[in-house]
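Before any comments, here is the structure.
Rule-based calculations on the coordinates, nothing more; no lab input. Remember, it's a predicted structure, so these values are computed and weren't measured experimentally. Heads up, the Cβs are rebuilt from the backbone with ideal geometry, glycines too, and the neighbour counts pull from every protein chain shown.
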Amino acid sequence: MHSFIDNALLSRLAALPIESRVPMLGNVVGKHRSPHRGSSVEFAEYRKYVPGDDTRRLDWKAFARSDRFFIKEFEADTNLRAYFVVDASGSMKFSNKGEAKIQYARRIAASLAYLLVNQGDAAGLSICTDKLHLEVPPSRRAAHLERFFSTLDKLEPAGETGLIDALHTIAEKIGRRAFVVILSDLFTDPAVFGDVLQHLRYRKHDISVFHLMDPQEIDFEFERPHRFVDLEDGTSLVAEPNLIADEYKTALHDFLTAVRSKCHDASADYQLVTTDTPLEPLLREFLTARLPKSKH
């Protein structure tokens, strides 16, 4: 059993579906709206009959009222394909007041992937550093989850982030609309991150961002001078925290504001999560917020 799998948690969350916020394109019939019209239980609209249309879908009541032929159109249902993009750069192994960011990312990705496959949808994994872009293609098969979990388990965060290049690659490679879940501490230029979000949005993907940070990175509470080491490039700096705390918090505020703004501009879900946050209420709130309003 993998350390990041909580069967009791998954059982409690199983009743909550993972819904797409945008119409999906899939290769099997499923539960999510498609941009195409087709046969479904949910009525969408009428359109005028054209030669070649299925006459079984003619609305004879509309014909009786207007003496014109109209076709009933319905929302086509399709399946959801999710890509979990996990940042495996060196900074993701940091832990202080919370668990390591990479472990928290594992737990989110594994839990949501399990729930997706359990409801008949597909989950894939993309792991990125500056030297590695490893992919596990999406699959709906239950046996596929073990490969998904094993790949997560073997993660060894190192080096600088390759998140931006990986996301641009994913935006181009995914031929159909998908649910893209980004798990990272986002130690990158917000403007550059905003550009890649717009690339994903242009390709009509449904984007969710889990911005993972240790509570110490937010609070910046230290009692004595410290050597601060960049876990991505190895550089270090000795500083008296009290002397730089105000400057640090101002820079952090500006950074978080910029990241949140870029996500908003790209219509992406944004969750700033500290790694001491209990997972169940986080995921429950995330899943509930994605439900159509009529299901809340």
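Once you order the gyration tensor axes a ≥ b ≥ c over the Cα atoms, which shape class does the stretch 103-207 get: rounded for a/c under 1.5, otherwise prolate or oblate by comparing a/b with b/c? Cα axes put the stretch 103-207 in the oblate bin. Here the 3J(HN,Hα) profile of the stretch 173-189, calculated from phi with Karplus coefficients 6.51, -1.76 and 1.60 at θ = phi - 60°, is 6, 6, x, 10, 4, 8, 9, 10, 10, 9, 10, 6, 8, 6, 7, 8, 5 Hz, Gly and Pro shown as x. Going 7 Å from the Cα of residue 165 toward and past its Cβ, which residues in the stretch 107-131 have a backbone nitrogen under 20 Å from where you end up? In the stretch 107-131, the label zone of residue 165 (backbone N under 20 Å from the point 7 Å along Cα→Cβ) covers 125-131. Sorting the segments 105-118, 187-200 by their mean number of nearby beta carbons within 10 angstrom, highest to lowest, gives 105-118, 187-200. Remark: for residue pairs 154/204; 97/154; 154/249; 93/204; 61/204; 173/249, the C-alpha separation exceeds 28 Å in 154/204; 154/249; 93/204; 61/204; 173/249. Under the convention that each Lys and Arg Cβ holds +1 and each Asp and Glu Cβ holds -1, the size of the dipole of the stretch 86-172 around its Cα centre is about 340 debye. Restricting the stretch 177-280 to GluC sites (Glu not before Pro) that sit in a DSSP loop and have at most 13 other Cβ atoms within 10 Å of their own Cβ leaves 221, 223.
Relative to the current alpha-carbon distance between residue 279 and residue 173, full extension at 0.36 nm per residue lengthens the span by 35.1 nm. Ranked by how many other Cβ atoms sit within 10 Å of their own Cβ, fewest first, the residues 206, 254 fall in the order 254, 206. In order along the stretch 203-219, the Karplus-derived 3J(HN,Hα) couplings, from 6.51 cos²θ - 1.76 cosθ + 1.60 at θ = phi - 60°, round to 7, 6, 8, 8, 10, 10, 10, 9, 8, 9, 9, 6, x, 5, 5, 8, 6 Hz, and Gly and Pro are given as x. Dipole magnitude for the stretch 170-296: about 1220 debye, using +1 per Lys or Arg Cβ and -1 per Asp or Glu Cβ, origin at the Cα centre. Of 270, 242, 184, which is farthest along the charge dipole of the stretch 166-294 in the positive direction, counting Lys and Arg as +1 and Asp and Glu as -1 at C-beta? The listed residue farthest towards the positive side: 270.
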